[in-house]
Structures are given as C-alpha cells and as structure tokens.
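Working notes, structure below.
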Amino acid sequence: MSGKNINLTLKIWRQNSPEDRGRWEIFQAKDISTEASFLEMLDIVNEQLALAGKEPVAFDHDCREGICGTCGCAVNGRPHGPDRETTLCQLHMRRFQEGDTLVIEPYRARAFPVIKDLVVDRSAFDGVIQAGGFVSVNTGQAQDANNLPVPRDDAERAMDAAACIGCGACVAACPNAAAMLFVSAKVSHLAVLPQGRTEAARRALSMVAQMDAAGFGNCTNHKECEVECPKGISISNIARLNREFIKAGLASKE
Amino acid sequence: MIWVARIFSTSIGKKQLMAVTGILFLVFLTTHLLGNLSIYGGIEAFNAYAEHLHALGKLLVVAEVGLVVALIIHVTLAIILFFENRKARPIKYAVDKSGGGGRTLSSQTMPFTGLLILAFVGLHLANLSHHIVDQTNRTIFQIAYEVFANKGILIFYLASMVVVGLHVRHGLWSAFQTIGANHPKYMPFIEWLSIFFAVIVAVGFGSLPLAILALK
Ligand code: FES
C-alpha cells in the first residue's frame, strides 16, 4: 500500500460569524497524500494558513472514526462527500484525482445557522431530542436482562434506526431542508421496542411539533436523505413516523 | 376540535391531507378513464356512458362537490408547503448535486406540474363540463369532436396528459409513504404501480382525443 501525492484546488466558504455575509476563498492544496483523510487534508491546509499568519478554516470534528456525527459539510454538493455511507472524517483523498477542484461549503438550512466557516449550529436537533427522544424509567436496581421479551427482528429494526449519529446530513441533502429522517430514526428506535411504547404517542406529537418550530422544511419524499445518510438509515423509518403521528393524532388522548 | 387543527397544521398533518386528497384524485382518474374508454365501443357507447353518468343526479353532485373540496385542500396546502420549504433553505448551495437514486424529474417538478394540471382542469371544464357547455342540441361526442378539431387545444391536451403522468409518478408512491404505508412486503409493488399508473394515465387519456377525431 503506497499512496501518491496529488494537488487540488479548494473553493471554501468563509464566514466570520453568523451575522457575516460570507464569501468564497480559493486555496491550493499541494502535495496531499492520497492516504490522508479529508479532514487531515484540511488540517494540512490549515497548518499552512497558520504559518502564513492567516486564519485557519473552521470545521467541526471530534471522533474522526465515523461514530460521533460531529463532522460534515458539503463537498461538491454532497454532504459528507461522494462516498456512500461514509462520514466526512472517513472519506479519504484517494477518492479524488490530481487537479480536482473541490467546492466545500457548510450545510445550508435555516435551522442550522452558520457559526463560522464550515461550522453550523445543529442544536435544533438537541431541541427535538429534548422534546421526546427518551424513555422514562424508574431508577434503582437494573432490570434483569430479557425480562421484557423483544423479538429479534424488532431489536434489529430498533438498532438500525439507533445507528443515526445525528450529523445533519439528511437535512443538508434534502431539497427542502427537512429533518424527517433524523426525527423518524429517533422516534423509530424507541417506538419498535416495548420500553418505548408507553410514551409513543406523546413522543411523536411533541418531537414533530419541535421539528416544525425549529424551522425545518417539509418532507416531499425526494429520498435524498436516505442516499446521503452515512449510516444508511432507511426512509421506511419516515413512514413509521408518519404512522406513529397519525395514530397519536387520531387515536390517542394526547 | 382544537386537536384537529393542531394535528393538521403540523408538517406531517398537512402532508397527510395532501396524500389523502391525492389518493382521491387517483381514484377519480381511474373511474374517469374507465368511463371514457367507452369511446372504443363507438360513438353510441360513448354518448350512452355520458347519459348514464349524468343520470346519476344527486350522486354525481356529491362526487363533484367532494372533488372540488379535495382540490381546494390539495392546492392550498401545496402552496403553503412550497413556500415553507423555500424558506427552510434561505441560502442555496453553490453546487447542488444529487447523490443519485434520490430525487427524480418527477419529484422535483411536482409544484410546477401541479400548476399546469390546475390550468388544464380549468380549460377542460370550460371545454367539456356539462355544467358549462350547453348540451341540448349536441351530443357529448359532437362537443368533444369540435373541441379537439382545434389543433392548439389538442396539443395542449396531449401535453397535459404527459404532465399528469409525471405528477402521478411521484404522487402515488409518495402518498402511500406519507400516510405511513411503507413495508418491505408491498413497497416495491407500490413503486412499480406509480410508474405503471403514470404510463396508463398518460397513454390512456392521451389516446382519447385521437380516438374521438378518428371516429368522425
Ligand atoms: S468526526 Fe465523529 S463522525 Fe466524523
């Protein structure tokens, strides 16, 4: 395994603050190893900027191993870049060719205001979780495992939905900036388990209300979210949320 | 009644009303097409179908009122959702690229095909509705023939049927998804049905004016 080095042109969105209007800046990324990750490539560029006394490009990251959901921006129009089921931190420069131009911009949504450069404020997601993304349990001794029988398929479906890392790529990819894939994953991973049924109706109604209040758009079933989700969350979760919502709305006391 | 307003003013509630009214239009399209296919039984069969339909009297009025109410709901919500969605992304992407396998021509043009269909429905009613066009001295076949003898109107009708097909192609499966009917057992069938129904509507309705013109 030996890599080569490539040269790239980066067109990056710069914005000093949420109030700033923002502008495009062009950088040359020289001699980038194809074995570097995308974020390492940005690190190299930032190091050069710092050495030249310029302000480095701000971008979000934490685990850099595809599990925390902190990283993410649009690369050539694709949230998390061109690879399927891959977070930006797991994207590697071998995906690009010598001389490529990469347009790197923050996620664009009214509910995700830009804080600085490529960093957006995704606390609207936190608000949705606070509105109902939990189950109420009694404190004290932990229950015996398998006390509540859960069919294997249900457990699998719950786990598939729980794979959501809340990165916001679904909102970024949606032509309507809708958050339905995120909200549906959070509703689903609890709704298919017996522990989550107790509060299911209230959860569906209050999480949807909070989603609307945060200024996300309305889903029109373009499926772009499913295509771009780094965890491969299926839009069948959105159908489940729609079901949970109509059940809660028409058949519960909530 | 407050809960009704609360449910149907949410994003999902609005979309579910869109879906239900949309499915109603799909049912209407099916019956409208089946009835009009009587043209292939000849001029008498076609005129007889129209007479039988109008003989339904009150039942027909109920259906018409239902469709008008559904249309008002569908269009009003479409306009609201369209502007809400535009507001949700105030700054557009410089590069806006689909990952492939997501949005389609049909899904992206829904608001515009919808508007075109609205214009078509207006013209269609003005041309052929028994409420608007006097039928005392002419049969429905004669009226239709005269309408389609106008080349401009004929072309607009044919183009409109392609537009309806495009709208149905995304609308049908989308309606099922929105009311929560998505299951690995039958979703592939519904997605297939979307395309099949779209073709049937475009070709089926599109063939009617040509059949009428060919029959004189
Ligand atoms: S930095 Fe944690 S998922 Fe990319």
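Throughout, read-outs are computed from the coordinates displayed, never taken from laboratory work. Just so you know, these numbers come straight off a predicted model, no measurement behind them. Cβ sites come from the backbone with ideal geometry, for glycine too, and all protein chains shown count toward neighbours.
Starting from the Cα coordinates of the range B:39-89, work out the convex hull volume and express it per residue in Å³. Spell out each step's value before the answer.
Numbers: hull volume 4.4 nm³, N = 51.
Once divided by residue count, the hull of the range B:39-89 is 86 Å³.
Please give every one of the aspartates and glutamates within straight-line cross-link reach of A:K253, meaning a C-alpha to C-alpha distance under 13 Å, and leave out same-chain neighbours fewer than 8 residues apart.
List returned: A:E199.
Across peptide B:183-192, what mean number of C-beta atoms from other chains lies inside 10 Å of a residue's C-beta?
1
Does anyone have the angle between helix A:200-213 and the longest principal axis of chain A? Alpha-carbon axes, 0 to 90°, nearest 10?
40 degrees
Could you give the spread of the C-alpha atoms of the range B:10-111 along their three principal axes, from largest to smallest, in whole angstroms?
Largest to smallest, the principal-axis extents are 60, 29, 15 Å.
When only alpha-carbon atoms are used, what values of Rg and Dmax, in angstrom, describe the protein assembly as shown?
26.9, 90
Before rounding to the nearest 500, sum -39500 (n - 2.57) across all DSSP H runs of length at least 4 in the protein assembly as shown and divide by the residue total; then give [θ] at 222 nm in deg cm²/dmol.
Result for the protein assembly as shown, helices only: -17500 deg cm²/dmol.
What do you get for the angle between helix A:123-132 and the principal long axis of chain A? Use alpha-carbon atoms, 0 to 90 degrees, nearest ten.
10 degrees
In the Gaussian network model of chain A, springs joining C-alpha atoms below 10 Å, which of A:A191, A:A213, A:A162 carries the largest mean-square fluctuation?
Comparing A:A191, A:A213, A:A162 in a Gaussian network model of chain A, the most mobile one is A:A213.
Taking the alpha-carbon distance from B:K151 and a cut-off under 27 Å, which lysines remain once sequence neighbours fewer than 8 residues away in the same chain are dropped?
The qualifying lysines are B:K216.
How large are Rg and Dmax for the range A:5-115 when only the alpha carbon atoms are used, in Å?
13.5, 38
Which one of A:K223, A:K231, A:K186 has the biggest mean-square fluctuation once chain A is modelled by GNM with Cα springs under 10 Å?
Evaluated over chain A, the most mobile residue of the options is A:K223.
Given axes a ≥ b ≥ c from the Cα gyration tensor, I'd like to know whether the range A:146-254 is rounded (a/c under 1.5), prolate (a/b larger than b/c) or oblate.
On the way: a/c = 2.25, a/b = 1.27, b/c = 1.78.
In terms of gyration-tensor shape, oblate.
Less than 11 Å Cβ to Cβ from A:Q90, Lys/Arg counted +1 and Asp/Glu -1: what total charge do the surrounding residues give?
-1
Would you mind giving the mean number of other chain beta-carbons within 10 Å of the Cβ of each residue in A:168-179, as a whole number?
On the way: counts 0, 0, 0, 2, 2, 5, 5, 10, 9, 6, 5, 2.
Taking all residues of A:168-179 together, the mean is 4.
Looking at the square roots a ≥ b ≥ c of the eigenvalues of the Cα gyration tensor of the range B:1-69, which shape do they give, rounded for a/c under 1.5, prolate if a/b is larger than b/c, or oblate?
oblate
List, largest first, the extents of the alpha carbons of chain B along their principal axes, each in whole Å.
Result, largest extent first: 57, 44, 37 Å.
Angle check, please: helix B:110-128 long axis (alpha carbons) against the longest principal axis of chain B (alpha carbons), in degrees 0 to 90, nearest 10.
That works out to roughly 20 degrees.
Can you give the alpha-carbon Rg of the range A:48-166 over 2.2 N^0.38 Å, where N counts its residues?
Values: Rg = 19.6 Å, N = 119, 2.2 N^0.38 = 13.5 Å.
Working it through for the range A:48-166, the quotient is 1.45.
Given springs between every Cα pair under 10 Å in a Gaussian network model of chain B, which of B:I155, B:I23, B:I190 has the largest fluctuation?
Between B:I155, B:I23, B:I190, it is B:I155 that shows the largest mean-square fluctuation.
Past 19 Å, Cα to Cα: identify those pairs from A:K186/B:K87; B:K15/B:K185; A:K4/A:K30; A:K231/B:K14; B:K14/B:K58, in the order given. Intermediate values should be presented prior to the final figure.
Numbers: A:K186/B:K87 25 Å; B:K15/B:K185 24 Å; A:K4/A:K30 12 Å; A:K231/B:K14 29 Å; B:K14/B:K58 30 Å.
Pairs exceeding 19 Å: A:K186/B:K87; B:K15/B:K185; A:K231/B:K14; B:K14/B:K58.
What are the ³J(HN,Hα) couplings of the range A:110-117, residue after residue, when phi is run through the Karplus curve with 6.51, -1.76, 1.60 and θ = phi - 60°? Round to Hz, x for glycine and proline.
Each residue of the range A:110-117 in turn: 4, 6, 10, x, 6, 8, 6, 6 Hz.
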